[in-house]
Amino acid sequence: MARPYTLPVVGPLFEPLPYRYRNVRKVSVFCACDPEALARFLPDEFALVGDVCEIFAMETPDAGPLGRYNEGGVVIPVKYGDEVGGHVALEYVETDDSLAAGREIWGYPKKLAEVPISFGEDGSVEAVIRRRGVDIVAIDFQPGDAAFEKPVLQPRYQIKTFPSADGSSAGTYEVIRNEVTGFVLHGRQPGKATVRLASSRQDPLAELGMRAVVGAELSTYDFDLGYGEIVSTRGAG
């Protein structure tokens, strides 16, 4: 019997890649934050670039074998070596298979949460990230024509780490570079937004040091998600 790519051996939680996402709708709010606060959310391998992070909520009606789910999170602009990209510092999803695949394959720090998103006929969006009864993110987006400059947030740089079974070390510790392919933009609507952040014991959103909203947009697109690249491996210890 061939070795399983993930557990359980019979009926694994998620299917092999690639995953093809279609008709994704994502509301993004770009927030100027205290640089020292943002830097505390980064692993040592990454250097902060600028002071503007992205807070987002995303509806994925068709993610291939992952089906339909919503997610949201925080992306911080970073530099790794000579390349600038984005680090997903916090991420929340509604389903166990999207959570497990994200953590086990690419090192995305996904947690289970409720992410209700409401799209108005006038182009407005209301979205919430709710975890363990606390609304840690609330977004209210209104379409408009406000121009703004977005930070560079692709490719993604993540840390994939899992403790060893005996608890003596980080059994796995890898720097992963992730880049989507097959990206097709169907539409982009800039606008204005408000965002409210709150913290709970495991979700310190209010500690991002948000100072102001500098821009917002609603975008619709397709993309394909394949395996990442291991760019560095740290020995156990």
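Some points to look at:
- Expected 222 nm ellipticity per residue - DSSP helices of 4 or more, -39500 (n - 2.57), all of the chain, to 500: -1000 deg cm²/dmol
- All-pairs alpha carbon distance profile, the chain, 10 Å steps from 0, percent: 7, 31, 39, 19, 4, 0
- Computed over segment 138-237, the quotient of the alpha carbon radius of gyration and 2.2 N^0.38 Å is 1.47.
- At R0 = 30 Å, FRET efficiency that the Cβ-Cβ distance of Glu15 and Ser232 yields, to 0.05: 0.60
- Sorting 82-92, 122-132 by average packing, meaning the other beta carbons within 10 Å per residue, from highest down gives 82-92, 122-132.
- Distance from segment 39-62 to segment 118-142 (C-alpha centre basis), Å: 18 Å
- Cα→Cβ-extended label distance, 7 Å offset, between Gln142 and Lys79, nm: 3.8 nm
- Accessible area per residue, Å², segment 62-194 with all protein chains present, probe 1.4 Å: 46 Å²
- At 1.567 mPa s and 4 °C, Stokes D of segment 1-59 from Kirkwood alpha-carbon radius, µm² per second: 83 µm²/s
- Ligands, DNA and RNA left out, the accessible area of the chain computed with a 1.4 Å probe is 50% carbon and sulfur.
- Fully extending the segment from Val214 to Ser200, taken as 0.36 nm per residue of separation minus the present Cα-Cα distance, adds 2.5 nm.
- Global geometry of segment 193-233, whether rounded, prolate or oblate, following the gyration tensor of its Cα atoms and the 1.5 cut on a/c: oblate
- Förster-model FRET efficiency, 22 Å R0, Arg68 and Gln154, C-beta, rounded to 0.05: 0.35
- Farthest positive-ward along the chain dipole, Cα basis, beta-carbon charges - from Ala147, Gly107, Phe223: Gly107
- Here the convex hull built on the C-alpha positions of segment 1-138 has a volume of 148 cubic angstrom per residue.
- Computed FRET value (nearest 0.05) for Ser124 with Arg3, which takes r as the C-beta separation and R₀ as 41 Å: 0.25
- Using Cβ point charges alone (K and R +1, D and E -1), the dipole size of the chain about the Cα centre works out to roughly 320 debye.
- Inverse mean reciprocal Cα-Cα distance (Kirkwood Rh) of segment 81-202, Å: 17.1 Å
- Normalised Debye scattering of segment 100-140 at q = 0.15, 0.18 Å⁻¹ gives log10 I(q)/I(0) of -0.50, -0.64, counting only Cα atoms as equal scatterers and leaving out solvent.
The values are calculated or read from the model by the stated rules, or taken from the named source; none is laboratory data. These numbers come from a predicted model, not from an experiment. Every residue, glycine among them, receives a Cβ derived from its backbone with ideal geometry; neighbour counts consider all protein chains shown. Please note that ligands, DNA and RNA were not included when accessible areas were found on the heavy atoms of the full protein model with its side chains. Shrake-Rupley method; radii C 1.70, N 1.55, O 1.52, S 1.80 Å.
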